[in-house]
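Data first, discussion second: the structure below is written as structure tokens.
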Amino acid sequence: MLSSADDPAVADVWTSSDVGFVLLVHRRDDGLLGEELYYSVRRESGDWDSPDHLSGGILGTDVANPSAVENALAGAPMAVAAESESLILTGRGPSGDEGELVHVWELLVSSQVDVLDIELLSANSGQTPTSRRRQVTGPFMLLVLQPGEHVRVSAMRGQNTSLTPLGDALDFHHPG
């Protein structure tokens with residue numbers, strides 16, 4: 001995740017149709033690790049707007065140190081490291097400037113996990129849930145839900161051509 005020079009690094013990227021989020025991790029001047037969350041909107045032309053800063057803070061775990069991550073998880077395959085809500089301007093609305101409330105979770109993930117299986121649960125009980133699989137790219141992953149969305153996230157380990165669940169699944173829902 002962080003290079004040996006501790007340059008800022010992209011920890012994870014989350015996209016949902018025309019809205020994208022980037023989670024950056026960086027070493028602060030005081031030596032602690034910090035995180036910054038940005039978002040951008042893709043216009044009809046396909047170009048992304050300049051990113052806007054949503055939040056930032058100090059990480060409670062040194063995600064650049066694998067043993068610190070495993071110690072923080074205390075045997076769990078994943079845990080919520082941070083949670084926030086933000087009103088973002090998407091330009092989707094009759095006047096083009098209406099905001100949309102998004103709920104963001106930053107997940108700390110064990111090195112044992114290869115894939116996050118994200119089961120999209122419908123508010124309508126008659127619909128069949130669908131899944132989205134995300135390769136784990138590091139110990140810090142994003143989950144962003146828009147109003148009305150509900151998901152169940154399972155940590156999975158890849159073995160040959162099959163996936164084995166690790167630990168219990170976590171449920172997340174956007175209350176809006």
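The values are calculated or read from the model by the stated rules, or taken from the named source; none is laboratory data. Model, not experiment: these values are computed from the prediction. Glycine gets a Cβ as well: all are built from the backbone with ideal geometry, and neighbour counts include every protein chain shown. Areas reflect the complete protein model, heavy atoms only, side chains present, ligands, DNA and RNA absent. Shrake-Rupley method; radii C 1.70, N 1.55, O 1.52, S 1.80 Å.
Tally time: how many residues in segment 29-57 are hydrophobic (A, V, I, L, M, F, W, C), more than 16 Å from ALA9 (Cβ to Cβ) and open to solvent by less than 90 Å² (accessible area, probe 1.4 Å)?
2
Of all residues being without any contact (Cβ under 8 Å) to a residue 24 or more places away in the chain and not β-branched (Val, Ile, Thr) in segment 131-164, which is surrounded by the fewest Cβ atoms within 10 Å (Cβ to Cβ)? Just the residue, please.
Step by step, filter segment 131-164, then rank; the result is ASN160.
Of all residues being of a type in the set (Ser, Thr, Tyr) and open to solvent by 60 Å² or more (accessible area, probe 1.4 Å) in segment 119-130, which is modelled with the highest pLDDT? Just the residue, please.
Among residues in segment 119-130 that are of a type in the set (Ser, Thr, Tyr) and open to solvent by 60 Å² or more (accessible area, probe 1.4 Å), the one modelled with the highest pLDDT is THR130.
Each row is one residue, and each column tells you yes or no for (1) within 20 Å of ASP12 (Cβ to Cβ); (2) at pLDDT below 90; (3) not in a strand (DSSP E or B).
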site: ALA82; (1), (2), (3): yes, no, no
site: GLY93; (1), (2), (3): no, yes, yes
site: HIS103; (1), (2), (3): yes, no, no
site: VAL113; (1), (2), (3): yes, no, yes
site: MET141; (1), (2), (3): yes, no, no
site: VAL153; (1), (2), (3): yes, no, no
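With the requirement that a residue be in contact (Cβ under 8 Å) with a residue 40 or more places away in the chain and part of a strand (DSSP E or B), what does segment 8-39 give you?
Residues satisfying the conditions are ALA11, ASP12, VAL13, TRP14, SER16, VAL19, PHE21, LEU23, VAL25, GLU35, LEU37, TYR39.
Would you mind stating whether ASN71 is out of contact with any strand residue (DSSP E or B) (no Cβ under 6 Å at 6 or more places or on another chain) and at pLDDT 90 or above?
yes
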